[in-house]
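One structure below.
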Amino acid sequence: MNPTDPFVQLYGHLDAALLADEQFVSEFKNSATLLKVQKGDYLLRAGEVCSEGYFINKGLFLHLFINDQGNESVMGFSVDNFYPFLSSISYFTQTPSDFEILAMEDAELICISRTQIEMLSSRYPLFASFYQRVMMMVISKIYTMYAARQSHTAEGFMEYLYNEYIWIVNRVPDKYIARFMGISNAWYCKLKKRLFDSGKV
């Protein structure tokens, strides 16, 4: 397999039987596009309908919610080496999104439309199974992180991030982690220092 092929990382998640099907690989490649996004650009804005699914080859994205008063909340993160499948609730509902997706790094993604995903799913049962697994993975990610936030103190949740999701601490700016936790930047920095001083991380 050509290591310079932009699809090579995604292939690592597909069943070997699908990859052995030259017709599927050809149709899949023809259905997908390679998208480059610069740091600070939005992949999705509130009010837009999300009609694509994405695979992150490179980069980090924030999931944001903007309330009626214009206040921004960080809802989660997607990254190339851990949670590479990216979309939004709007993808499933096909209604204008209440959420936004912001690139925190220069990024490269594989983009495929909802229509093409459904077409490939109808033609290739193994791809349909793969797609269902991806959706379950995305849902599991959301619930797991939400449960961790609700069941820990702020300090306990920070320790959890260091132990289970060190990439968040290493790649996401502190202010966005603080917003994700629902605490101030100052309190986040104090908790971070306390964890280091205690030797817990």
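The values are calculated or read from the model by the stated rules, or taken from the named source; none is laboratory data. Here the structure is a predicted model, which means the values were calculated and not measured. Here Cβ is always computed from backbone atoms with ideal geometry, including for glycine, and neighbour counts include all displayed protein chains.
Would you say ARG171 is under 25 Å from HIS13 (Cα atoms) and more than 13 Å from the chain's Cα centre (by Cα)? In short, yes. Restricting attention to the stretch 150-165, the residues that are loosely packed, with under 15 Cβ neighbours inside 10 Å and either among the basic types (Lys, Arg) or more than 18 Å from CYS189 (Cβ to Cβ) (or both) add up to 4.
Within the stretch 4-26, does at least one residue satisfy the condition of being farther than 24 Å from ARG171 by Cβ, aliphatic (A, V, I, L, M), at pLDDT below 95 and not assigned by TED's automatic domain parsing to the domain that holds SER113? No, that holds for no residue. Take the stretch 32-50 and flag every residue that is modelled with pLDDT under 95 and within 22 Å of PHE130 (Cα to Cα). Result: CYS50, single match. Here GLU105 meets each of (1) under 24 Å from MET136 (Cα atoms); (2) touching a helix residue (DSSP H, G or I) at 6+ places or on another chain (Cβ under 9 Å) with one exception, condition (1). When ILE112, ILE168, ILE101, ILE142 are checked against the criterion of being under 30 Å from ALA32 (Cα atoms), of a type in the set (Val, Ile, Thr) and touching an Asp or Glu at 6+ places or on another chain (Cβ under 9 Å), a single residue qualifies: ILE112. The helices (runs of 4 or more DSSP H) found entirely in the stretch 130-201 that carry 2 or more residues being farther than 29 Å from GLY53 by Cβ and aromatic (Phe, Trp, Tyr) are 154-164, 185-198. Contact annotation: residue pairs with Cβ atoms under 6 Å, 6 or more positions apart or on different chains, pairing a residue in the stretch 120-148 that is over 17 Å from VAL25 (Cβ atoms) and without any contact (Cβ under 8 Å) to a residue 24 or more places away in the chain with a partner that is assigned to a helix (DSSP H, G or I) and of a type outside the set (D, E, K, R), are ALA148/TYR160.
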